[in-house]
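In what follows, a single structure is set out as structure tokens and then discussed.
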Amino acid sequence: MTDQIPVTMTVNGKQVRRFVDPRLLLIHFLREDLSLTGAHIGCETSHCGACTVDLDGMSVKSCTMFAAQADGAAITTIEGMANADGTLSVLQESFRQMHGLQCGYCTPGMIMRASVLLRENPDPSDDEVRAGISGNLCRCTGYQNIVKAVRHAAATINGRPHQEAAE
């Protein structure tokens with residue numbers, strides 16, 4: 001049995017303290033220890049992005065990061081994206097409205113990556129969205145509606161009419 005080590009982090013605005021196995025992956029910590037199952041386990045090699053979370057403002061693929069490496073960090077998962085009243089965030093609502101999902105498996109990771117993209121570039125072009133989400137794979141949509149959803153969210157956040165984002 002491996003000695004457990006203490007970790008403290010803020011997850012979706014709440015401080016969490018646990019003892020973990022030093023080899024426990026962040027995705028398993030989130031899903032199994034904290035019951036936050038929105039981030040999905042896809043490839044476990046960081047290729048698909050289904051496990052993407054926000055860690056201190058950066059997109060991180062949680063399947064290749066140890067929970068111990070997140071000690072002291074602030075993490076946001078898809079569960080933490082909703083508004084305080086429980087309604088969907090602008091980005092989540094845009095994915096719904098613009099049909100940016102089909103099976104939904106990639107959607108949490110895609111939304112988490114898109115949220116960081118929009119913080120880095122509040123008004124991305126189609127090509128910039130495609131480049132920004134290139135580390136997240138979708139097997140269903142062909143990406144066009146995902147791009148539309150991100151552009152729609154950007155337009156909403158920037159106070160522009162929505163039809164500009166749907167072009």
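The values are calculated or read from the model by the stated rules, or taken from the named source; none is laboratory data. If you're wondering where the values come from, they're calculated on a predicted model, not measured in any experiment. Cβ placement follows ideal geometry from the backbone for every residue including glycine, while neighbour counts extend to all protein chains displayed.
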Of the candidates T77, T37, the one satisfying the condition of being modelled with pLDDT of 95 or more and under 22 Å from E120 (Cβ atoms) is T77
Of the residues in region 130-155, those that are among the basic types (K, R) and assigned to a helix (DSSP H, G or I) come to R130, K148, R151
Based on this model, can you work out whether A67 counts as buried (at least 19 other Cβ atoms within 10 Å of the Cβ), of a type in the set (G, A, S) and modelled with pLDDT of 95 or more? yes
In region 71-116, residues that are touching a residue at least 40 places away in the same chain (Cβ under 8 Å) and either in contact with a Pro (Cβ under 7 Å, 6 or more places away or on another chain) or at positive phi (or both) total 3
How many residues of region 1-28 are buried (at least 16 other Cβ atoms within 10 Å of the Cβ) and over 27 Å from N83 (Cβ atoms)? The answer is 6
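Within region 30-50, which residues are within 16 Å of G132 (Cα to Cα) and not hydroxyl-bearing (S, T, Y)? Working first, answer last.
The initial filter retains those residues of region 30-50 that are within 16 Å of G132 (Cα to Cα), namely 46-50.
Hits for region 30-50 are H47, C48, G49, A50.
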Does C103 qualify as being in the same structural domain as G135 (by TED's automatic domain parsing) and either of a type in the set (F, W, Y) or outside any helix (DSSP H, G or I) (or both)?
yes
Considering only strands (runs of 3 or more DSSP E) wholly within region 1-92, the ones with at least 2 residues that are under 22 Å from I157 (Cα atoms) and touching a helix residue (DSSP H, G or I) at 6+ places or on another chain (Cβ under 9 Å) are 52-55, 58-61
Has region 55-71 got at least one residue that is among the acidic types (D, E) and not assigned by TED's automatic domain parsing to the domain that holds V11?
no
Being in the same structural domain as R130 (by TED's automatic domain parsing) and in contact with a Leu (Cβ under 9 Å, 6 or more places away or on another chain) narrows M110, M98 down to just M110
When region 75-100 is checked residue by residue, the ones that are closer than 22 Å to R31 by Cα, among the aliphatic types (A, V, I, L, M) and crowded, with 16+ Cβ neighbours inside 10 Å are I75, I78, M81
